[in-house]
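K.L.:
Below you will find the structure I want to go over with you.
The values are calculated or read from the model by the stated rules, or taken from the named source; none is laboratory data. Since we're looking at a predicted model, the values are computed, not measured. Heads up, the Cβs are rebuilt from the backbone with ideal geometry, glycines too, and the neighbour counts pull from every protein chain shown.
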Amino acid sequence: MTYRPPVREQLFILRDVLAVDQYAALRAFAEAPLEVIEQILEEAARFTSQVLAPLNGVGDKEGCTWRHGGEVTTPTGFKAAYAALIAGGWPALGAAPQFGGQGLPAVVGVAFSEMSSSANMAFSMYPGLTHGAYSAIVNGGSDAQKALYLPKLASGEWAGTMNLTEPQCGTDLGLLRTKAVPAGDGSYRISGEKIWISGGEQDLTANIVHLVLARIEGAPAGTRGISLFIVPKFIPNTDGSLGPRNAVVCAGLEEKMGIHGNATCVMVHEEAAGWLVGEENRGLALMFVMMNEARLGVALQGVAQAEAAYQAAAAFAKERLQGRSLTGPKNADGPADPILVHPDVRRMLMDARAILEAGRALLMWTALRGDLADHHPDEAVRQAGEDTMGLLTPVLKGYLTDRGFSICSDAMQVHGGAGFTEHFPVSQYLRDSRITLIYEGTNGIQALDLVGRKLAAKGGRAVMAFFAEIDAFVEAQAGDGAVAPFVEALAGAKAQLQEATGWLMQNGLANPDNAAAASNDYLHLFGLTGLAYMWALMAKAAGARIAGGDADLFYANKLIVGRYFIERILPDAAARLAKLTSGSATLMSFPAEAF
Ligand SMILES: Cc1cc2nc3c(=O)[nH]c(=O)nc-3n(C[C@H](O)[C@H](O)[C@H](O)COP(=O)(O)OP(=O)(O)OC[C@H]3O[C@@H](n4cnc5c(N)ncnc54)[C@H](O)[C@@H]3O)c2cc1C
């Protein structure tokens with residue numbers, strides 16, 4: 001079974017649901033009319049399914065190898081695939097033209113990244129993190145830093161990493177100890193140990209640009225004393241050629257449950273030369289630019305692994321013969337029916353589709369808001385786009401990775417015992433996807449970010465705008481019988497989310513444990529409402545095609561999956577509301593010593 005990139009689904013979202021051609025006046029979109037986007041996605045499908053997917057199992061079995069001195073070798077074939085990635089110009093897709101990028105909309109980049117991550121998540125993390133480093137320097141770097149680093153990062157010739165985590169400091173970055181001492185020549189000497197650094201060392205690129213959080217000597221304790229530094233593996237000369245080797249070394253690799261093809265490194269900085277990005281003690285804010293982008297990338301990994309696992313499960317369910325359909329044989333000439341006839345097997349596959357199709361739409365819808373935030377001439381639209389991105393980032397990261405992992409688990413269930421063996425790819429999808437719930441801030445931390453920061457930010461402007469947008473959509477559909485069930489379902493979910501938001505305002509302020517105890521259910525209720533919105537938009541778009549005489553079953557099937565979402569996924573919203581409004585008293589009353 002080979003991975004088939006969902007180009008048709010992505011084009012439906014871009015063309016019919018988001019109608020991206022309406023933004024042709026914006027520069028990024030002017031470069032990419034729909035026919036061009038279609039060609040790019042077809043080419044991306046070929047590259048990811050033919051070059052990256054065949055290496056997924058190889059990377060899983062071989063993993064990366066570390067040698068004394070700190071050299072790391074990636075799995076067989078990764079180096080050639082990386083060269084092909086650069087030759088194809090894929091890393092440059094979304095980068096700015098002045099740094100050699102193609103300047104295409106992020107929403108197109110998301111479509112490519114989904115395919116690349118489904119095909120080979122471990123491989124795709126190398127260019128994924130590079131793009132995050134690129135964005136952090138775009139936002140905070142000096143002109144000289146931009147000129148020196150951005151073209152090489154945009155092309156993928158050099159890679160980027162994120163160095164936050166230390167043995168004593170994961171979620172709580174205030175505990176960070178890596179120190180920076182001014183060297184007197186404008187640079188700093190960075191010393192400390194960073195752990196679990198993805199792509200910290202590899203043999204794919206000529207140079208690696210580490211973005212490192214460290215505390216300048218004498219800086220305040222806690223998060224207010226953290227600065228961001230560029231620490232290159234090879235210190236570049238001003239013309240971009242490689243200079244001396246810097247004192248940052250990979251001291252070892254982690255053995256881990258999945259993503260074996262991605263090197264997870266212990267990085268030791270021993271008075272390594274580093275250059276401050278932005279202002280002293282303002283590093284965390286800049287790193288957040290990188291983290292927010294990475295969080296959307298991780299949400300996408302959740303969808304991508306689940307899509308690949310779903311495809312494997314659907315193919316298996318059509319071939320595996322066991323038992324007979326309860327309503328009479330469907331494969332009378334064979335010894336048994338394919339397991340796809342069994343309602344319980346269908347339930348798992350339909351759950352996957354109902355979440356994946358809308359999850360993909362929600363990711364692309366959010367990426368489009370990011371494009372508007374970056375490119376729209378109207379300040380109000382830019383601002384609204386930024387608000388939505390901020391609000392939705394923790395929802396997408398938390399909800400889509402939680403659900404992505406459970407879809408991978410169901411996909412294994414569809415395989416029966418075969419899924420638990422390594423003869424089928426689903427075991428790797430399940431193992432690889434598990435990290436998505438943990439890194440870039442655990443899902444618990446995403447939920448806290450949502451209720452603690454994002455809801456209240458700017459007087460609740462973002463969430464109120466989200467509600468108003470849904471209200472306006474619901475109102476505009478009045479009288480359209482074809483979409484009525486979808487619109488009613490959306491209105492119901494939104495009402496529950498609004499009730500939950502009101503409950504949080506009242507009870508969370510009085511007792512912060514109430515807000516924290518509610519946060520996971522609130523994030524899921526938000527995710528469900530987001531998907532309900534996407535299903536309403538997709539049903540409207542598919543319905544319009546059908547009403548226009550399009551007999552392609554793609555559209556009729558879309559409506560079936562949408563109805564399934566309303567009947568069998570969305571009812572979870574009520575349970576989430578009931579749970580979150582129960583408060584924290586019972587949860588917190590259980591004595592610590594009794595655990
Ligand atoms: C494969 C892999 C790759 C990684 N790549 C990178 C990388 O490239 N760069 C990098 O810097 N880091 C990286 N990390 C680190 C990763 O981001 C952290 O593991 C993650 O942020 C969680 O930190 P922690 O593991 O220290 O968990 P902890 O912070 O110890 O958390 C443990 C548990 O407690 C919960 N918790 C902690 N604090 C709170 C709180 N205040 N309220 C409620 N719950 C709380 C957490 O949600 C979690 O469930 C990687 C990790 C792995 C495993």
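K.L.:
Conditions first: (1) within 18 Å of residue 201 (Cα to Cα); (2) modelled with pLDDT of 95 or more. Residue 167 passes all but one, so which condition is the exception?
P.N.:
Every listed condition holds for residue 167 apart from (1).
K.L.:
If you don't mind, another one. Scan region 155-175 for residues that are among the polar types (S, T, N, Q) and within 16 Å of the ligand (Cβ to nearest atom) and jot them down.
P.N.:
First, the residues of region 155-175 that are among the polar types (S, T, N, Q): 155, 161, 163, 165, 168, 171.
Within region 155-175, 161, 163, 165, 168, 171 qualify.
K.L.:
Just to be sure I understand, how many residues within region 185-214 are surrounded by fewer than 23 Cβ atoms within 10 Å (Cβ to Cβ) and either free of Cβ contacts under 8 Å to residues at least 40 places away in the same chain or charged (D, E, K, R) (or both)?
P.N.:
Summing the residues that are surrounded by fewer than 23 Cβ atoms within 10 Å (Cβ to Cβ) and either free of Cβ contacts under 8 Å to residues at least 40 places away in the same chain or charged (D, E, K, R) (or both) in region 185-214 gives 4.
K.L.:
Looking for whichever is touching a Leu at 6+ places or on another chain (Cβ under 8 Å) and surrounded by fewer than 21 Cβ atoms within 10 Å (Cβ to Cβ) here; the options are 58, 108, 72. Which one fits? Can you show your working first?
P.N.:
Values: 58 fails: touching a Leu at 6+ places or on another chain (Cβ under 8 Å); 108 fails: surrounded by fewer than 21 Cβ atoms within 10 Å (Cβ to Cβ).
Of the residues listed, the single one that is touching a Leu at 6+ places or on another chain (Cβ under 8 Å) and surrounded by fewer than 21 Cβ atoms within 10 Å (Cβ to Cβ) is 72.
K.L.:
Oh, and also: Do we find that residue 115 is within 21 Å of residue 55 (Cα to Cα), hydrophobic (A, V, I, L, M, F, W, C), in contact (Cβ under 8 Å) with a residue 60 or more places away in the chain and within 16 Å of the ligand (Cβ to nearest atom) in this structure? Quick ask: steps written out before the conclusion?
P.N.:
Details: within 21 Å of residue 55 (Cα to Cα): yes; hydrophobic (A, V, I, L, M, F, W, C): yes; in contact (Cβ under 8 Å) with a residue 60 or more places away in the chain: yes; within 16 Å of the ligand (Cβ to nearest atom): no.
Answer is no for this residue.
K.L.:
Can I ask one more? Please go through (1) more than 17 Å from residue 532 (Cα to Cα); (2) away from the ligand (no atom under 16 Å from the Cβ); (3) assigned to a helix (DSSP H, G or I) for residue 432 and return the number of the only condition it doesn't satisfy.
P.N.:
The single condition residue 432 does not satisfy is (2).
K.L.:
Continuing with the same structure: Check 436, 442, 388 and return the single one that is among the β-branched types (Val, Ile, Thr) and crowded, with 23+ Cβ neighbours inside 10 Å. Please lay out each step first, then the result.
P.N.:
Numbers: 442 fails: crowded, with 23+ Cβ neighbours inside 10 Å; 388 fails: crowded, with 23+ Cβ neighbours inside 10 Å.
Step by step, each of 436, 442, 388 is checked, and only 436 is among the β-branched types (Val, Ile, Thr) and crowded, with 23+ Cβ neighbours inside 10 Å.
K.L.:
Quick one: in region 140-157, of everything that is among the hydrophobic types (A, V, I, L, M, F, W, C) and within 22 Å of the chain's Cα centre (by Cα), which residue is farthest from residue 99 (Cα to Cα)? Quick ask: steps written out before the conclusion?
P.N.:
So in region 140-157, the residues among the hydrophobic types (A, V, I, L, M, F, W, C) come out as 144, 147-148, 150, 153-154.
If we keep only those that are within 22 Å of the chain's Cα centre (by Cα) too, we end up with 153-154.
On the way: 153: 9, 154: 7 Å.
Checking each candidate, the answer is 153.
K.L.:
Next question, about the same structure. Output the number of the condition that residue 152 fails; it satisfies all remaining conditions of (1) more than 11 Å from the ligand (Cβ to nearest atom); (2) surrounded by fewer than 18 Cβ atoms within 10 Å (Cβ to Cβ).
P.N.:
Here residue 152 clears every test but (2).
K.L.:
Right, here's the next one. Among the residues of region 132-151, is there at least one that is touching a helix residue (DSSP H, G or I) at 6+ places or on another chain (Cβ under 9 Å) and charged (D, E, K, R)?
P.N.:
Yes: one or more hits.
K.L.:
Looking at region 14-85, what helices (runs of 4 or more DSSP H) fall wholly within it and have at least 1 residues that are farther than 20 Å from residue 263 by Cα and under 24 Å from the mean Cα position of the chain (by Cα)? Break it down into steps so the answer makes sense when it comes.
P.N.:
Values: elements: 27-30, 34-47, 56-62.
Here the list reads 27-30, 34-47.
K.L.:
Turning to a different aspect of this structure: When only residues in region 132-149 that are within 16 Å of the ligand (Cβ to nearest atom) and aliphatic (A, V, I, L, M) count, which is surrounded by the fewest Cβ atoms within 10 Å (Cβ to Cβ)? Let's see the steps before the verdict.
P.N.:
So in region 132-149, the residues within 16 Å of the ligand (Cβ to nearest atom) come out as 132-136.
From what's left, aliphatic (A, V, I, L, M): 133, 136.
Working: 133: 25, 136: 27.
Within region 132-149, the match that is surrounded by the fewest Cβ atoms within 10 Å (Cβ to Cβ) is 133.
K.L.:
Another question about this same structure. So if I check each of 266, 249, 289, which one is surrounded by 16 or more Cβ atoms within 10 Å (Cβ to Cβ), outside any strand (DSSP E or B) and of a type in the set (Val, Ile, Thr)?
P.N.:
On the way: 266 fails: outside any strand (DSSP E or B); 249 fails: outside any strand (DSSP E or B).
Exactly one residue qualifies, and that residue is 289.
K.L.:
Take the conditions among the charged types (D, E, K, R) and outside any loop (DSSP other than H, G, I, E, B) and apply them to residue 255. Does it pass?
P.N.:
Values: among the charged types (D, E, K, R): yes; outside any loop (DSSP other than H, G, I, E, B): no.
In short, no.
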